[in-house]
1. Here is a list of conditions, (1) among the charged types (D, E, K, R); (2) surrounded by fewer than 17 Cβ atoms within 10 Å (Cβ to Cβ); (3) at positive phi, and Asp279 meets all of them except one; can you say which number that is?
2. Considering segment 342-361 alone, what residues qualify as being within 25 Å of Phe178 (Cβ to Cβ), of a type in the set (Gly, Ala, Ser) and within 25 Å of the chain's Cα centre (by Cα)?
3. Out of everything in segment 506-533 that is in contact with a Lys or Arg (Cβ under 9 Å, 6 or more places away or on another chain) and over 18 Å from Ser641 (Cα atoms), what residue ends up being surrounded by the fewest Cβ atoms within 10 Å (Cβ to Cβ)?
4. Are there any pairs with C-beta distances below 6 angstrom linking a residue in segment 542-569 that is touching a residue at least 24 places away in the same chain (Cβ under 8 Å) to a residue that is basic (Lys, Arg), with the two at least 6 apart or on different chains, and if so which?
5. Those residues that are among the charged types (D, E, K, R) and assigned to a loop (DSSP other than H, G, I, E, B), I need them from segment 455-497; list them, please.
6. For segment 615-665, please list each of the helices (runs of 4 or more DSSP H) lying entirely inside it that holds at least 3 residues being closer than 24 Å to Phe23 by Cβ and modelled with pLDDT under 90.
7. Give, as residue ranges, the helices (runs of 4 or more DSSP H) completely inside segment 241-341 that count at least 1 residues that are more than 24 Å from Pro374 (Cβ to Cβ) and either assigned by TED's automatic domain parsing to the domain that holds Gln421 or over 33 Å from the mean Cα position of the chain (by Cα) (or both).
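The values are calculated or read from the model by the stated rules, or taken from the named source; none is laboratory data. The shown structure was predicted, so the numbers you read here are calculated from the model rather than taken from an experiment. All Cβ positions, even for glycine, are placed from backbone atoms using ideal geometry, and neighbour counts span all protein chains on display.
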Amino acid sequence: MGMKCKILAKIFIIVAVLELIVFNYDAFSSYAEKGYSPGYIPGTGLELCEDGRYLVVDEEKASLEIPEINHALDYIRLDIRRYDSAGDFQPLTMDLYLADEGHYSYYHQGTVTSYGEVEELSYHRLHPYGEVEKLKVKFSVSKGQYLEVAALELNATVPFQIRPLRVGIMALMLTMIFALKPGSSLHKLPLKLWEKKQRYVVTGILFGNFILMLLLVTINPAFCESPRWDHHYQYHRLAESLLQGRTWLDYSDVEALSNLENPYDIQLRRDNGVSEHWDTTFFEGKYYVYFGVVPVLLFYLPHLVLTGEAFPTWIGIAISMTAILTGAFYLMYQLIKRWFPRTSFGHYLLFALLLANGTGLVTLSMRPDFYTLPIVLALAFSFWGVGFWLKASRDWEERCCTMYVAAGALCLALTAGCRPQFLVGSFLFFPLLGGFFFQKNRGSKKVKRFLAVVIPYGVVAVLLMIYNGARFGSPFDFGASYNITTNDMTHRGFYLGRIGEGIFQYLFQLPVLTTGFPFVRETYLTSEYLGQTIRENFFGGLLLSHFVLCANFAYASLRGRIKNKEIRLFWGLSVGGALLILAADTAMAGILVRYMTDFSWLLFLGAFVVLLQMLAEGKAQGGITLFLLAGLLCMLAFDLSMGMQLTELRSFDPEKYFEIQAFFK
């Protein structure tokens, strides 16, 4: 009890110092200021309206000038609000210029952004050279918009403010750090999930992680409240088609596209003014959905039959993310018990949290759209499938083993109907169960378990081949090459020259870190590849943003000490499978952030067996614990920043975006 009280006291002191002093530093620094509202001169690009607002008539000359200040200037308040023609708030970016003792003419002091009534973003600290003579504010606006000067104050006093939500988040983060830091009592407990206390801890962590995930899924109303994109409703339209006994989408505007010499050429479509249904497959005069059909059968079709309405995609994302969370904890428990049974409870929690949150949950949760669903559902099936096989390998002699073998096979087979790249995870069969099947002895038990593997894969494969054959005349054609997208996929080909780009950008691209929110910026890749490829701007390669994965490089030094051949094969197939998917994605599809989920989970599994082997050897346990904890915290921060930008939260819900930014003021 005494130790717990000391930890709680430390958490309280740290949170108090951060909230009262660090986050309120500007309030203390400016408490003695005697602010005043100066006169100002609007630029000729602004026209005063009857309601006191300014209409932007010339965006180049939209500015505001405060002349004849002639004294020291520290904090200023610029509560200037921007409205569009409909009267809605818009973010306002302002460039500040000063003339001071060191500069007789205006020079650029910096750029700031404010939004509506987010008060914290209206206070700014200047750092002039001596006394300020005058100040000018240049607005980034468009003609026809309105500006309102709600408050303008020089030498302003920044208000003291305590944010309960920020206090709660800091307290939770510090609690996690103290609970999982090196030397924590959790690392001294053997992993025994059958004990009540450990089950309660895991349940609490899962619940907290679920709440975080749910908040992220619903953070952006653009994806949860009637998404504006037509192609977002493909799965619903496919469900309607399947109910009517057909596999194509009921679009009537196909004649013009069919008459084009090459309907997959985007420029030809644009030049001829031909309309299109984006990111759908067009084949022999009909539109199809090339994305995996399993989400339709699992969510959309039953919901349509029961309610007659479209299934909300974000709910499918939330369900899949919940399965990912629980599946990650289940998989890690089975893996540890299979090969590293002396691992502590604390290390189990670290590994499970990394696997659950590091393979796409944080980032993809913030973009719960049509593209995300098949990926996260495939990941959930993969976690549970590998977890079931690990359980079967532990209980091979038990009667229930056949059930786990079949369940694992079914889960991994279903990934083909979500996102086929995840089928590579099926190769983990060989280190997990292959040794049992390749033994010389035969018997009815082995035959039953062999059928438990073959039948699920066989049934899923036959059904998918029938489905593909009915659509494209080939059981092996999923239709991705007929996609109506930015480039002609039918002529894309497979070129090795693209793969080097993918390896660099997916794994080694240096992140761009800044001191300003959201702290991580997009990277820009300049390539010498002379050809077309599909790419998004990234935020950093996996080996740097999720640096726990670098543990894979230590395998070479450990290989000789790993006596278990199954572990060596597991590592090889995990890392090799990840690189295979990376190369295939790059060459055949492109370099997109969401594609990292296809292979990152396999890289994590490879890194984990390396780290678990080090822990089992009893060397540098404190260092490994710190490495895992730092990796978890950095990964969460990085993925949250990346997710906010990928989900375009600033565009779709700027008030929420800037309220989050205000947390760091």
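1. (2)
2. Listed by number, the residues that qualify are Ala352, Ala356, Gly358.
3. Across segment 506-533, the extreme among qualifying residues is Gly531.
4. Pairs found: Ile562/Arg568.
5. Just the residues of segment 455-497 that are among the charged types (D, E, K, R), to begin with: 471, 477, 488, 492.
Correct list: Asp477, Asp488, Arg492.
6. 621-646, 654-662
7. Because the criterion is at least 1 residues that are more than 24 Å from Pro374 (Cβ to Cβ) and either assigned by TED's automatic domain parsing to the domain that holds Gln421 or over 33 Å from the mean Cα position of the chain (by Cα) (or both), the helices (runs of 4 or more DSSP H) in segment 241-341 that meet it are 255-259, 266-271, 313-339.
Results for (1) among the hydroxyl-bearing types (Ser, Thr, Tyr); (2) closer than 30 Å to Ala392 by Cα; (3) out of contact with any Asp or Glu (no Cβ under 6 Å at 6 or more places or on another chain), shown as yes or no for each residue.
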{"residue": "Ala452", "(1), (2), (3)": "no, yes, yes"}
{"residue": "Phe472", "(1), (2), (3)": "no, no, yes"}
{"residue": "Phe476", "(1), (2), (3)": "no, no, yes"}
{"residue": "Thr486", "(1), (2), (3)": "yes, no, yes"}
{"residue": "Pro511", "(1), (2), (3)": "no, no, yes"}
